[in-house]
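The structure appears below as structure tokens.
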Amino acid sequence: MKEIILVGINSRYAHTSIGLRYLYANLKALQARTEILEFVIGEQAQTLAEKILDKNPRIVAIGVYIWNAMDVHNLIEVIKKVSPQTQIILGGTEVSYEPFRVDFDAADFIVQGEGEISFYELCRDILALQAPKNRIVKATMPNLKEIQLPYKQYSDIDVAHRYIYVEASRGCPFECEFCLSAIDEKVRTFDIDLLLEEFEMLWQRGARNFKFIDRTFNLNIKLANKLMDFFLAKEGEYSLHFEVIPDHFPEGLKSRIVQFPPAVLQLEVGIQTLNEEILDNINRRMNLEKVKENIAYLENETNAHIHLDLLVGLPGESLESFADNLNRLKAMTNAEIQIGILKKLSGTTLDRHDKMYGMVYSDKPPYDIVKNDLLSFKEIQKMKRFSRFWDLTYNSGNFKTTVNFIWKERDVFSGFYHFSEWIYAQTKSTWQISLARLSELLFTYLVQECSYDKEVIADAIVKDIAGIRGRKIPAFLREYASFIPELKDKGVSKHNKRQMTRAE
């Protein structure tokens with residue numbers, strides 16, 4: 001039995017909670033009395049409560065984030081009904097800023113901010129029957145060079161089967177109004193030598209999937225270069241994920257990125273908008289000429305898998321402006337473009353635009369925009385479907401050749417918008433569409449709606465699907481395609497499919 005249970009409710013099994021491991025690593029003498037339990041969203045609250053309460057804990061601490069807020073609400077209500085004496089502590093970004101938009105009144109304490117120090121002190125006091133009177137605990141910001149690192153707390157199962165989340169820095173110097181990272185404007189870094197010792201330990205244990213959660217990985221070039229050199233010295237199959245700012249790639253960093261082999265490096269590049277007026281409106285500073293130059297370099301000179309972000313619904317941005325963003329970005333790159341819907345998170349300054357631009361958001365997670373003065377509710381709904389179908393067809397890598405026919409006679413946005421409207425009319429859903437069904441819908445659209453030759457489209461789809469090893473050619477294509485290649489050996493790879501499509 002453990003007196004303290006640290007609970008993580010992750011969005012997928014492959015994910016792990018680095019936050020809980022930080023708390024555990026810094027619990028000092030209380031560590032021996034503590035256990036981490038991790039679950040996945042969507043599990044029954046009563047089932048989770050049973051597994052937690054079977055440990056007979058005095059304290060249950062739960063990390064709360066946008067993806068699990070409602071699950072946490074349901075869980076703490078069950079725990080308090082069944083075991084009212086159990087002390088519940090919440091922490092994480094969803095409760096670090098007010099107003100709270102999900103009801104967490106059943107929780108006993110809420111730790112706001114980076115909790116490595118304050119959480120230990122709170123648990124110590126609760127167990128000593130000296131709990132503070134204030135329910136809200138404002139966390140003391142820790143010195144990153146003094147706290148215990150969490151990486152020894154990843155289990156052998158984590159190392160073998162799940163993503164290993166790591167970080168080299170915290171904070172962000174930029175003030176983008178939609179982002180919580182802008183609140184902590186000072187960037188703080190960990191001791192790089194100690195960090196590399198920990199990463200070496202993880203590597204020796206077999207860790208091969210490292211996902212950095214730094215908001216601006218390439219801001220501190222000296223730090224970034226040392227990390228790149230560490231991984232460049234490694235051999236074998238592994239993957240790295242970094243979030244980068246798009247206009248800051250000095251030559252030293254470029255020279256390192258180009259050395260990574262295919263299917264290793266994934267770079268998430270925050271664009272959001274290419275409209276300079278909108279960029280200024282949301283306090284996002286970006287050199288667009290450098291952005292264009294760097295994207296071209298990354299795509300044409302390196303093996304990196306690039307993931308670029310665009311947002312729908314930014315204050316003052318019309319659908320026409322978004323369409324221009326997508327058209328311009330697609331002209332720069334064939335990389336993955338993630339189309340997101342703007343969310344208003346507590347703690348950000350987006351609300352200053354609400355009155356001027358008629359911004360209206362959902363009160364339920366993920367707090368996405370539902371309308372504004374330039375985009376109606378119906379248009380937002382259409383763009384959500386546009387985003388989903390874009391992900392299924394373009395971003396998936398399943399139809400690298402075929403998707404280009406969708407906009408061959410139009411610009412990218414208008415071509416895909418028409419396709420999105422058509423496919424939704426056929427399916428009345430954006431989910432549970434199999435690859436075979438999607439292939440047939442794409443074939444039908446391009447042949448019937450766009451008047452392309454059946455054999456040309458069938459051959460394009462066959463080429464795309466056959467290009468991904470292990471994919472089965474849909475049976476309906478055999479009637480129209482001029483060739484049906486033999487299936488590639490499925491093989492074994494630890495890389496994700498999107499990375500492998502770039503590699504091949």
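Tabulated results
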quantity	calculated
Which of Leu30, Gly63, His15, positive extreme of dipole for region 9-67 (C-beta unit charges)	Leu30
Euclidean distance of C-alpha centroids, region 311-335 and region 369-412, integer Å	11
Rounded to 5, the percent of DSSP beta bridges in the chain classed as antiparallel	10
Relative intensity, log₁₀ I(q)/I(0), of region 3-124 from a Debye sum that treats every alpha carbon as a point, q = 0.23 Å⁻¹	-1.57
Dipole of region 376-504, positive end: most advanced residue of Ile406, Asn395, Gln448 [Cβ charges, Cα centre]	Asn395
Under Karplus coefficients 6.51, -1.76 and 1.60, residue-wise ³J(HN,Hα) of region 303-316 in Hz, glycine/proline x	9, 5, 8, 9, 10, 10, 10, 10, 10, 9, x, 4, x, x
All lysines inside 19 Å of Lys145 as judged from Cα atoms, apart from same-chain residues fewer than 8 positions distant	Lys28, Lys186, Lys222, Lys226
Loop-resident sites, region 268-367, for trypsin sites (Lys or Arg not before Pro), counting at most 13 other Cβ within 10 Å (DSSP)	Arg285
Share antiparallel - DSSP beta bridges, region 154-375, percent rounded to 5	20
Rounded to the nearest 20 debye, dipole of the chain from Cβ charges on Lys, Arg, Asp, Glu	960
Compactness of region 376-504 - radius of gyration and Dmax, Cα, Å	15.0, 48
Cα-based shape type of region 49-181, given that a ≥ b ≥ c are square roots of the gyration tensor eigenvalues and the cut on a/c is 1.5	rounded
Measure of compaction for region 154-375 (Cα Rg per 2.2 N^0.38 Å)	1.09
Cα-based equivalent ellipsoid of region 284-442: semi-axis lengths in Å, sorted from largest, via gyration tensor	26, 22, 14
Under 14 Å, Cβ to Cβ, from Ile433 - net charge with Lys/Arg +1 and Asp/Glu -1	+2
Average projected area [Cα convex hull, region 188-304], square nanometres	7.7
Charge tally in the Cβ shell below 10 Å around Pro366, where Lys, Arg are +1 and Asp, Glu are -1, Pro366 excluded	+2
Cα centre as origin, Lys/Arg/Asp/Glu Cβ charges: region 2-96 dipole, Debye	300
Summed residue charge, Cβ within 13 Å of Asp309's Cβ, Lys/Arg positive, Asp/Glu negative	-1
Net dipole in debye of region 247-340 [+1 Lys, Arg Cβ; -1 Asp, Glu Cβ; about Cα centre; nearest 20]	280
The chain: C-alpha pair distances exceeding 32 Å, %	49
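Every number here is computed from the coordinates shown, using simple stated rules; none is lab data. All values derive from a computational prediction rather than experimental measurement. Every residue, glycine among them, receives a Cβ derived from its backbone with ideal geometry; neighbour counts consider all protein chains shown.
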